Amino acid sequence: MTGSTEDYAPHPHIGGRTAALRALAAWRVAAPGAPRVVVVTGGSGSGRSRLLTGFLMLCDPGYRKQLPLDEMDPSTVPPELPAPAVPAAEGLTAAQLLWLLADHYELHAGSTEDVFAELAGLAEPVTVVVPDVDRAGPVRSTGEPARLVREVLARLAAAGTVRLLAEVPRPQAAELAAGLPSGTVQVIDLDEPEWADPEVLVLHAQAALNPEHGAPELPFTVDPAARLALGAAIGRRAGTSPLVVQLAVNCLLMAPEGFDPADERYLPTSVGEALDLHAVRLGADPRTLRLLLAPLALAEADGIPVHLWARLASAVAGQDMSRAIADGMLLAGPFVQPREEETDMEDGPRTVLGLLHPAVGDEIRAGLPSVGAAQTQVAMALLEAVPEQDWSKADPYVRDHIAGHTLEAGLLPQLLTDPALFVHADPVPLRAAVEAVPAEDLGAPACTYLRTAPLLTRTRPPARLRAALLETAFVEDGLPEYADAIHQRLGLELPWRTLWSLPVPGISAVTIGSLPHPDGTATEVAVLVVPAGTPGALPLHESGGESSAGAPEEESRPAVLVHGLVQPGVLDDVDPRQIVRPSEDERAAAPLGLSRGADYLRVWERADRKVVAALLSDTPFTAADLSPDGILLVATERGAKALRIRAADSEIAS
């Protein structure tokens, strides 16, 4: 066994990999000559994740107590030290992972650049372990693993205060190592002879075949000699891939009929062979098995709901696959992994099917004539599955992940015109998918969504508040028809209706007043304090008349824009001195009150302090006012807008 010693117990989770564990232990204690950065890589299914998981067990003070440390090779066991930071990359964007790290170290950073600067300025080195880089990103086809390496890991590795261990796919591992000085980084490629451990694959196979470890009692599992011989053959043919060992054992144990342990022709040497040999041994067409698994290989997240499997497999195959699925569980079983998933549907938990390992998906996708064409068929089938084309009734998988499928199919821009999808879809994967579309391909509604998306992903509001935030954003961006569609089509009672928006920069104050008319009526107006020279603005005159300081002071004095509060339009023919502001007593007697923070406003009932609306903003509020009859006037650096707050029996919208 490469790098092992027979006198010590192996790591119980890994079973070997002694040479790799020695290198990681030396990195952990910063031994003389040990690199500051270690990159663990290898082909998909080479055991990268298992190695890192096993090593992290040795780094966790609590988990160490469960391991036989005294029986293990001491050169593979680092001393007990404070646990490293472990921001797992699975499902996260590069920015999200960096902010996880900032939170872990309680950095006072306001931007990603601040995070890197503060880490570089730490007095003592910090230890960071980043697993699962290959699974980064909420949408598979956005290239997030490469972005994570380029934008985060490379910069962490370059910081002298960061000791970094990362599990990285081979192409990104080479890129990361190439950017660092010699002696700074060590690449542990588990497929290379120096780090591979072929004997451990034999032990894994033999253990998996043992009835004492859960294998069924079969002639080649209960007979020790037969079991050891078969395990040796499986491990030998699997080369350096623990995944191939696992698939070979799964196939034999799930469908043992007719298998001859002495015939090594049905023992695979690769993931592709595991698929094809299993199908042939069961008398099936290997293409049928690959078509059955294609929807799982094309799936977003962790898999697809089982009730969608036949629909999507039929779409990819171009023929009805329902019977093949009904009869094909022995065929597909060794390669799939079912799990229970909680949803927001009333039916309770449901079964989701995923592939046993991403490498199986890679193999299936590589065999498709066109991934884009297959994703087009999947996307069309998912769209057809939306009841009455109502996104509020769509299956959670369809609703939240249609964007990922249409992105890879090249169809996403065509989907980004429906405000109902913006409202009901999970904003995290939808934002990631939209951000991956070239800006020139996005229409105006998609641009509004993209501008609002950081607010939606940061606060994760419910659908009702997502709808309200998008409604006001559409009005701000001159898309009132989309705001109207949210009110009229979605069946949601929003906490407000945006009456108008005025894109005027530099507003420093706002107030609500009324302009009396000779007939005793009055027009409610919004008064916006703006820089002098703003088109349509009126000068502010002091009570003493004209200033004696002349034109320069007049030009520097603020001006006001007077705008209808309810009806949009600038009123440029009025005298601001005639505007009457509500008295303090009138404001105190109003049923609603207003609270303001840097990026939020809350409107609440004075009677019981119940919040009836919460307005969030992606830019700080510069001013706000609330009329006695419940119209909210707000200003940001983008401009001003007015919102009519709903009746006070609204539920809390924050």
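Where a number appears in this text, it was derived from the coordinates with a stated rule and is not lab data. Predicted, not measured: the structure shown is a model, and the values here were computed from it. Every residue, glycine among them, receives a Cβ derived from its backbone with ideal geometry; neighbour counts consider all protein chains shown.
Compactness of the stretch 18-189 was expressed as the Cα radius of gyration divided by 2.2 N^0.38 Å, which yields 0.99.
Given axes a ≥ b ≥ c from the Cα gyration tensor, I'd like to know whether the stretch 1-76 is rounded (a/c under 1.5), prolate (a/b larger than b/c) or oblate. Note, shape of the stretch 1-76 comes out rounded. Karplus-based coupling profile of the stretch 630-636, in residue order and whole Hz: x, 9, 9, 10, 10, 9, 10, with θ = phi - 60° in 6.51 cos²θ - 1.76 cosθ + 1.60 and x standing for Gly or Pro.
Alpha carbon centre of the stretch 219-249 versus the stretch 348-376: separation in Å? Between the Cα centres of the stretch 219-249 and the stretch 348-376 lies a distance of 27 Å.
Taking a point 7 Å from the Cα of D344 along the Cα-to-Cβ direction, the residues of the stretch 410-449 with backbone N closer than 19 Å to it are 418-434, 449.
The alpha carbon centroids of the stretch 35-99 and the stretch 273-339 are separated by 34 Å. Start at zero, step by 10 Å, and the Cα-Cα distances of the stretch 285-388 spread as 15, 50, 30, 4 percent across the bins.
Could you line up M329, M380, M321 from fewest to most neighbouring Cβ atoms inside 10 Å? Working shown, then result.
Numbers: M329 11, M380 15, M321 23.
Ordered by Cβ neighbours within 10 Å, fewest first: M329, M380, M321.
In this structure the amide hydrogen of T636, modeled in the peptide plane, comes within under 5 Å of the amide hydrogens of T622, none closer than 5 places in sequence on its chain.
Taking 0.36 nm per residue of sequence separation and subtracting the Cα-Cα distance, how much length would be gained by fully extending the chain between R323 and A598, in nm to one decimal? Don't skip to the end; give the middle numbers.
Values: separation 275, 0.36 × 275 = 99.00 nm, distance 5.91 nm.
So the chain would gain 93.1 nm between R323 and A598.
Karplus-based coupling profile of the stretch 517-523, in residue order and whole Hz: 10, x, 7, x, 7, 8, 10, with θ = phi - 60° in 6.51 cos²θ - 1.76 cosθ + 1.60 and x standing for Gly or Pro. Computed from backbone phi with θ = phi - 60° and the Karplus coefficients 6.51, -1.76 and 1.60, the 3J(HN,Hα) list for the stretch 567-572 is 8, x, x, 7, 9, 9 Hz; x is used for glycine and proline. To the nearest 10 degrees, how steeply does helix 480-489 sit against the main Cα axis of the chain, on a 0 to 90 scale? So the helix axis and the longest Cα principal axis differ by about 70 degrees. Rounded to the nearest 10 degrees, the inclination of helix 242-254 to the longest alpha-carbon principal axis of the chain is 70 degrees.
Relative to the longest principal axis of the C-alpha atoms of the chain, give the angle of the C-alpha long axis of helix 444-459, reported between 0 and 90° and rounded to the nearest 10°. Roughly 70 degrees between the two axes. Taking other C-beta atoms within 10 angstrom as a stand-in for reagent exposure, R466, R237 fall in the order R237, R466, fewest first.
Among the listed values [x] 1.19; [y] 1.09; [z] 0.98, the one computed from these coordinates for Rg/Rh (Cα atoms, Kirkwood Rh) is [y]. In the chain, the DSSP beta bridges split such that about 75 percent are antiparallel, to the nearest 5.
How would R339, R596 line up from fewest to most surrounding beta-carbon atoms within 10 angstrom?
Working: R339 11, R596 14.
By the 10 Å Cβ count, ascending, the order reads R339, R596.
Run lengths n ≥ 4 of DSSP H only: what is the helix-derived mean residue ellipticity at 222 nm for the chain, with -39500 (n - 2.57) per run over all residues, to the nearest 500? Walk me through the numbers on the way to the answer.
On the way: 28 runs with 260 residues, N = 654.
Here the helix-only value at 222 nm equals -11500 deg cm²/dmol.
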